[in-house]
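Everything below concerns the one structure shown next.
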Amino acid sequence: MPVTSTSFAHGKTGSVLVNGASQPLTDWSVDFKADAVEVTNFLSEGVTENVFGIASAEITASGPYDGSSGASPGNDCTFTLGVGGAGFVVKARITSVKVDLNVKDVAKISYSATSNGVFGASP
């Protein structure tokens, strides 16, 4: 029988703060990236070599719309993305705020942002 670990974080423990204000969102994702700058040369012995370049993070978050967006495209924000007792802090610029409305559903909002400063795991 498979063993289930209790060390996994459940989605119900998630949270999103935008500039310190809690947002009633239902999902978020963050994609951390690092450019690999190629430095292959004649001494590379036939293999590709690279060094760490520019780091970045892309954020998306969405959920029910409560009438306030918390931020507008172009605004600099600090996203605190929680998961259980841990999470991530990303200084980012909002690139998109989208509000969706359907007569048969609640209004929804979604954010997209790209890092514009330091980011990493929160304490």
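Which loop-located GluC sites (Glu not before Pro) does the range 1-81 contain, where loop means any DSSP state but H, G, I, E or B and the Cβ has at most 16 other Cβ atoms within 10 Å?
Values: sites: 38, 45, 49, 58; in loops: 45, 49.
Hits after loop and neighbour filter: 45, 49.
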Probe 1.4 Å, protein heavy atoms only - accessible area per residue of the range 56-103 in square angstrom = 50 Å²
key: Separation of the residue 51 and residue 83 label points, Cα + 7 Å toward Cβ, nm   = 3.2 nm
query = How high is the FRET efficiency from residue 7 to residue 32, r the C-beta distance, R0 25 Å, rounded to 0.05?
reply = 0.70
key: Local electrostatic count at residue 71 - Lys and Arg +1, Asp and Glu -1, tallied over other residues with Cβ under 15 Å   = +1
ask   = If you average the sequence gap of Cα pairs under 8 Å that are 6 or more apart and divide by the length of the chain, what percent do you get for the contact order?
value = 26 percent
ask   = Length gain on complete extension for the stretch residue 76 to residue 44, per 0.36 nm per residue less the alpha carbon to alpha carbon distance?
value = 7.3 nm
Of 95, 13, 48, the one that fluctuates the most in a GNM where the chain has Cα springs shorter than 10 Å = 48
remark   = If exposed means chymotrypsin sites (Phe, Trp or Tyr not before Pro) lying in a DSSP loop and surrounded by at most 10 other beta carbons within 10 Å, then the longest stretch of the chain lacking such sites spans residues 43-123
query = Just how large is the dipole of the chain about the Cα centre, in debye to the nearest 20, putting +1 at every Lys and Arg Cβ and -1 at every Asp and Glu Cβ?
reply = 500 debye
note = For residue 108, counting only lysines whose alpha-carbon sits under 22 Å away and dropping same-chain residues fewer than eight positions off, the answer is 12, 98
ask   = Based on the Kirkwood radius over alpha-carbon pairs, what value in µm²/s does the Stokes-Einstein equation return for the translational diffusion coefficient of the range 63-123 at 4 °C and 1.567 mPa s?
value = 101 µm²/s
ask   = If you build the Cα gyration tensor of the chain and take the root of 5 times each eigenvalue, what three semi-axes come out, in whole angstrom, biggest first?
value = 33, 21, 14
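The values are calculated or read from the model by the stated rules, or taken from the named source; none is laboratory data. Since the structure is predicted, the reported quantities are computational estimates derived from the model, not experimental observations. When we count neighbours, we look across all protein chains shown, and the Cβ atoms used for this are built from the backbone with ideal geometry, even at glycine. Accessible surface is based on the protein model in full, side chains and every heavy atom, while ligands, DNA and RNA are left aside. Shrake-Rupley method; radii C 1.70, N 1.55, O 1.52, S 1.80 Å.
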